[in-house]
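The values are calculated or read from the model by the stated rules, or taken from the named source; none is laboratory data. Only a predicted model underlies this, so the values are computations on that prediction, with no experimental measurement involved. Cβ sites come from the backbone with ideal geometry, for glycine too, and all protein chains shown count toward neighbours.
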Amino acid sequence: MLTGIRILVVDADAAGAKLAAVVLRAAGAKVTVATDAEQALERVDAERPRVLALDLHLPSVSGLVLARILSQLAWSPPLTIVGLATGNGKKLEAEALAAGCAAYFEKPIDERLVQVVSNALGEHR
């Protein structure tokens, strides 16, 4: 379903990042992981992933701020951002979409993430 798609997972929670990576790799994606906004910016620049699975609650720089920054840059192909968060529902989903996320996924991480990423990619190809 995501065969060969480069995805960068950004999550300060190592267990959450590892689980997201396992789920996405099982769908055929090529996944790398970053644990903070600074690392994410470096990896996006160096690796040019097609998808950024971004925790919206990063400790140093908000994932919403990072999404705003990255969604304003011209990428070819475009960078598809999927915002990840725990338990903040519709309000945070609206903020994520306004910040440039193509989709929002409410944790916990499970195989539903594959479908959300796939749908977001379909809308941004």
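Give all pairs with beta carbons closer than 8 Å in which a residue from region 74-87 that is under 16 Å from Arg112 (Cα atoms) meets a residue that is exposed (fewer than 14 other Cβ atoms within 10 Å of the Cβ) and not aromatic (Phe, Trp, Tyr); count only pairs at least 6 apart in sequence or on separate chains.
The qualifying pairs are Thr86/Pro108.
Here's a check for you: in region 88-104, which residue that is without any contact (Cβ under 8 Å) to a residue 24 or more places away in the chain and within 13 Å of the chain's Cα centre (by Cα) is nearest to Glu47 (Cα to Cα)?
Here the residue is Ala102.
Can you name the residue in region 98-122 that is among the β-branched types (Val, Ile, Thr) and buried (at least 21 other Cβ atoms within 10 Å of the Cβ) and is also nearest to Gln72 (Cα to Cα) among such residues?
Checked region 98-122; the qualifying residue nearest to Gln72 (Cα to Cα) is Val117.
When the residues of region 1-25 are filtered to those that are in contact (Cβ under 8 Å) with a residue 60 or more places away in the chain and hydrophobic (A, V, I, L, M, F, W, C), which remaining residue is surrounded by the most Cβ atoms within 10 Å (Cβ to Cβ)?
Here the residue is Ala20.
So which residues in region 48-60 are exposed (fewer than 14 other Cβ atoms within 10 Å of the Cβ) and either outside any loop (DSSP other than H, G, I, E, B) or in contact (Cβ under 8 Å) with a residue 40 or more places away in the chain (or both)?
Of everything in region 48-60, those that are exposed (fewer than 14 other Cβ atoms within 10 Å of the Cβ) and either outside any loop (DSSP other than H, G, I, E, B) or in contact (Cβ under 8 Å) with a residue 40 or more places away in the chain (or both) turn out to be Arg48, Pro59.
Is it the case that some residue within region 82-92 is modelled with pLDDT of 95 or more, touching a strand residue (DSSP E or B) at 6+ places or on another chain (Cβ under 8 Å), buried (at least 21 other Cβ atoms within 10 Å of the Cβ) and not in a strand (DSSP E or B)?
No, every residue in region 82-92 fails to be modelled with pLDDT of 95 or more, touching a strand residue (DSSP E or B) at 6+ places or on another chain (Cβ under 8 Å), buried (at least 21 other Cβ atoms within 10 Å of the Cβ) and not in a strand (DSSP E or B).
Hey, can you tell me all the residues within region 27-38 that are more than 12 Å from Ile7 (Cβ to Cβ) and surrounded by fewer than 16 Cβ atoms within 10 Å (Cβ to Cβ)?
Across region 27-38, the qualifying residue is only Glu38.
Count, please, the residues in region 42-69 that happen to be charged (D, E, K, R) and closer than 15 Å to Cys101 by Cβ.
Result for region 42-69: 3.
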